[in-house]
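Asker: This structure is in C-alpha cells; I'll ask about it shortly.
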Amino acid sequence: MIHVNNVSMKFDLGVEASSFKQQFIDLLSGKRKKDKKDFLALNDVSFDIKQGEVIGIIGSNGAGKSTLLKVVSGVMKPTKGKVVVNGAISPMIELGAGFDYELTARENIYLNGAILGYSKKFIDDKFEEIVEFSELRGFLDAPVRNFSSGMVAKLAFSIATVVDPEILIVDEILSVGDLKFQEKSKQKMMSMIKGGTTVLYVSHSLDSIRDLCDRVIWLEHGQIIEIGKTKEICDKYYKEQMK
C-alpha cells in the first residue's frame with residue numbers, strides 16, 4: 001500500500017545576512033558570508049507497508065520522523081528516491097495548520113473540512129458529530145485565536161477523524177488535550193485500526209507504540225536502524241536510550 005524506495009531529503013541550512021545592519025556588523029567583525037550547508041534529514045530510506053498494517057516510527061529528536069511523514073503524505077517532495085501510495089491519505093501531522101485563526105470554530109470546521117476534501121453537504125451531515133467529539137460546543141462562535149493549543153488540537157482532530165481514511169498518517173496526536181480527550185483519541189484510533197485503516201504513527205510514547213503497532217521502524221539521523229516486530233524494536237530502542 002505504501003512503498004518508499006531509497007528516499008533522501010536534503011535541506012539547506014545556510015543562512016544569508018538578512019539586513020544591511022547585519023551585513024555591516026559582519027563586515028566590522030570580520031565574518032564572511034556563510035557558505036551553503038546541507039542537512040540530510042532522510043538518507044536512503046526504504047520500506048514497504050501492507051494494507052491494514054499499523055506501523056510505528058520511533059527515534060530521538062531530529063531523527064527525521066516528522067520529515068518522513070511529510071514526504072509520505074506528499075507535503076514534501078523528496079530530494080531523491082520515490083514514494084508510491086495506493087490509497088487516500090488523511091494526514092494528522094500539524095493539527096490546526098489549515099485553520100484561519102481570525103475565524104470562529106464553526107467557520108473553521110467548514111474551512112478545514114474543505115481543505116481535507118469534504119463537501120459542504122458532508123460537513124453539514126457530520127457537523128454535530130464533529131462538535132460532540134471536540135467537546136467545544138460552548139465555543140463554536142468564538143474566534144480560534146482565543147483558543148488554547150489543546151482546544152485547537154481537539155477541534156482539528158475531530159474534523160480530521162470524522163471519516164475513516166484508507167491511510168492515516170499520525171504525528172504525536174494522542175498527546176493532545178486533557179487526559180480524558182487523549183483516551184477518546186486513542187479509542188477513535190483503535191476503531192479506525194479495527195476497520196482496516198493503514199496507519200503510520202510517530203510517537204515518543206513507547207507505551208502507545210506497543211499498544212497500537214504491528215511493526216516498528218527505528219530511525220536515527222535520517223537512517224533506518226532497524227525494522228521489526230514492535231516489542232523487539234521498542235526494547236532495543238529503550239536499552240539504547242538508557243545507556
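Asker: With each run of n ≥ 4 DSSP H residues scored as -39500 (n - 2.57), what mean residue ellipticity at 222 nm is computed for the chain after dividing by its residue count and rounding to the nearest 500 deg cm²/dmol?
Answerer: -11500 deg cm²/dmol
Asker: A further question follows. For the stretch 87-140, compute Rh as the Kirkwood radius over C-alpha pairs and then the Stokes-Einstein diffusion coefficient at 37 °C and 0.692 mPa s; write the answer in µm²/s, rounded to an integer.
Answerer: For the chosen part, D equals 276 µm²/s.
Asker: Take every DSSP beta bridge with both residues inside the chain and express the antiparallel ones as a percent of the total, to the nearest 5.
Answerer: Taking every DSSP beta bridge with both residues in the chain, the antiparallel ones total about 55 percent.
Asker: Next question, about the same structure. DSSP loop trypsin sites (Lys or Arg not before Pro) in the stretch 67-166 with at most 13 other Cβ atoms within 10 Å of their Cβ, which ones?
Answerer: none
Asker: Within 15 Å, Cβ to Cβ, of residue 81, how many net charges do the neighbouring residues add up to if Lys/Arg are +1 and Asp/Glu are -1?
Answerer: Spelling it out: positives minus negatives among the neighbours equals +3.
Asker: Continuing with this model, one more query. Multiplying the sequence separation of residue 227 and residue 125 by 0.36 nm and subtracting their Cα-Cα distance, what value in nm do you get? Walk me through the intermediate numbers first.
Answerer: Values: separation 102, 0.36 × 102 = 36.72 nm, distance 4.14 nm.
Here the answer is 32.6 nm.
Asker: Okay, moving on. Residue 57's amide H: which non-local residues (gap 5+, or another chain) put their own amide H closer than 5 Å, with H modeled 1.01 Å from N in plane and none for Pro or chain starts?
Answerer: For residue 57, the qualifying residues are 201, 202, 203, 217.
Asker: Across 10 Å bins from 0, what is the distribution of all Cα-Cα pair distances for the stretch 146-230, in whole percents?
Answerer: With a bin width of 10 Å, the distribution comes to 16, 48, 28, 8, 0.
Asker: List, in order, the whole-Hz ³J(HN,Hα) value for each residue of the stretch 213-226 obtained from phi through the Karplus relation with A = 6.51, B = -1.76, C = 1.60 and θ = phi - 60°; use x for Gly and Pro.
Answerer: These are the phi-based 3J(HN,Hα) values: 9, 7, 9, 9, 9, 9, 10, 8, 6, x, 10, 7, 7, 6 Hz.
Asker: Roughly how compact is the chain, stated as its Cα Rg over 2.2 N^0.38 Å to two decimals? Could the numbers behind the result be given before it?
Answerer: Details: Rg = 20.5 Å, N = 243, 2.2 N^0.38 = 17.7 Å.
Taking the Cα Rg and dividing by 2.2 N^0.38 Å, one obtains 1.15.
Asker: Same structure, new question: When Lys and Arg each count +1 and Asp and Glu each count -1, what net charge do the other residues less than 10 Å away from residue 99, Cβ to Cβ, add up to? Provide the component values of the computation, followed by the final result.
Answerer: Details: positive: 145; negative: 100, 102, 107.
Once positives and negatives cancel, what remains is -2.
Asker: Based only on the alpha carbon positions, what is the Kirkwood hydrodynamic radius of the stretch 75-175, in angstrom?
Answerer: 14.3
Asker: What is the stretch 166-243's relative contact order, in percent, from Cα pairs under 8 angstrom and six or more apart in sequence?
Answerer: 24
Asker: Taking H placed 1.01 Å from N in the peptide plane, check which residues at least 5 places from residue 225 or on another chain put their amide H under 5 Å from its amide H.
Answerer: Residues meeting the criterion, in which the H sits 1.01 Å from N, are 218, 219, 220.
Asker: Please list 3J(HN,Hα) in residue order for the stretch 41-53, calculated via the Karplus relation 6.51 cos²θ - 1.76 cosθ + 1.60 where θ = phi - 60°; whole Hz, with x for glycine and proline.
Answerer: After applying 6.51 cos²θ - 1.76 cosθ + 1.60, I find 6, 10, 9, 6, 8, 9, 5, 10, 10, 7, 4, x, 6 Hz.
Asker: Determine, from the Cβ-Cβ distance of residue 242 and residue 145 and an R0 of 51 Å, the FRET efficiency 1/(1 + (r/R0)^6), rounded to the nearest 0.05.
Answerer: 0.75
Asker: So, one more: If amide H atoms are built 1.01 Å from N in the plane of the peptide, which residues on other chains or at least 5 residues away come under 5 Å of the amide H of residue 92?
Answerer: The list, which skips near neighbours in sequence, is 169, 170, 171.
Laboratory data are not the source of any read-out in this text; all were calculated from the coordinates shown. What you see is a predicted model; the values in this text were computed from it and never measured. Cβ atoms come from the backbone with ideal geometry, glycine included; neighbour counts cover every protein chain shown.
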